[in-house]
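In what follows, a single structure is set out as structure tokens and then discussed.
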Amino acid sequence: MKILLHTEEDLEFQSFDQPGLEVEPRDPDAHYSALQMFATSVALCTYSVLASYADTIDVSDADMTMRIKWSYADDPFRIGHMDMDIRWPGVPDSRIKAARAAANHCTLHHTLEQPPEFVTRVHG
């Protein structure tokens, strides 16, 4: 998969079928770190659901791209809003609504909508 790092809060994903992970910074000051990995996880989760859907309707997903942007919120500091734009030129117009529904069924989407109990332990 190829990741274009437009800014630290704006990633574009291409070539999902490409082995490995290639990160190409478009902004020399942007860094690929934990929050970018989080966005990458959301993109891969969504892609896996859409790739399965593509097999079901016998459509290629080779030209699919995704772009995820986010902004922050305070108290506590966190990602407050995410926006994912999926470009899939190969999907027929009659299947767009179903593809959108499928994309929203990624496990990470559900996890973000209904967060798990989170326990942190620190041991010395």
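The values are calculated or read from the model by the stated rules, or taken from the named source; none is laboratory data. Please read these numbers as outputs of a predicted model, since none were measured by experiment. Reconstructed Cβ throughout: ideal geometry from the backbone, glycine too, with neighbour counts over all protein chains shown.
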TODO: Would you point out the residue of segment 10-30, among those that are of a type in the set (Asp, Glu) and in a loop (DSSP other than H, G, I, E, B), that is farthest from residue 82 (Cα to Cα)?
DONE: 17
Task: Selection count, segment 35-75, where residues are among the charged types (D, E, K, R) and part of a loop (DSSP other than H, G, I, E, B) - done: 5
Open item on the list: Against the definition (surrounded by fewer than 12 Cβ atoms within 10 Å (Cβ to Cβ), of a type outside the set (Phe, Trp, Tyr), modelled with pLDDT of 95 or more and not in a helix (DSSP H, G or I)), how does residue 83 come out, yes or no?
Closed with: yes
- [ ] Test each condition in (1) of a type outside the set (Val, Ile, Thr); (2) surrounded by fewer than 17 Cβ atoms within 10 Å (Cβ to Cβ); (3) out of contact with any Cys (no Cβ under 8 Å at 6 or more places or on another chain); (4) in contact (Cβ under 8 Å) with a residue 12 or more places away in the chain for residue 30 and report the one that comes out false.
- [x] (2)
TODO: Sort out which residues of segment 38-75 are in contact with a strand residue (DSSP E or B) (Cβ under 9 Å, 6 or more places away or on another chain), at pLDDT 95 or above and of a type in the set (D, E, K, R), and write them in order of number.
DONE: 67, 69, 74
TODO: For segment 86-124, name all the residues that are in contact with a Ser or Thr (Cβ under 7 Å, 6 or more places away or on another chain) and outside any helix (DSSP H, G or I).
DONE: 87, 90, 106
- [ ] Select from segment 33-47 the residues that are farther than 17 Å from residue 87 by Cα and touching a residue at least 40 places away in the same chain (Cβ under 8 Å) and write down the one among them that is surrounded by the fewest Cβ atoms within 10 Å (Cβ to Cβ).
- [x] 41
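Residue-by-condition table, conditions (1) under 23 Å from residue 21 (Cα atoms); (2) surrounded by 12 or more Cβ atoms within 10 Å (Cβ to Cβ):
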| position | (1), (2) |
| --- | --- |
| 49 | yes, yes |
| 56 | no, no |
| 68 | yes, yes |
| 74 | no, no |
| 88 | yes, yes |
| 96 | no, yes |
| 106 | yes, yes |
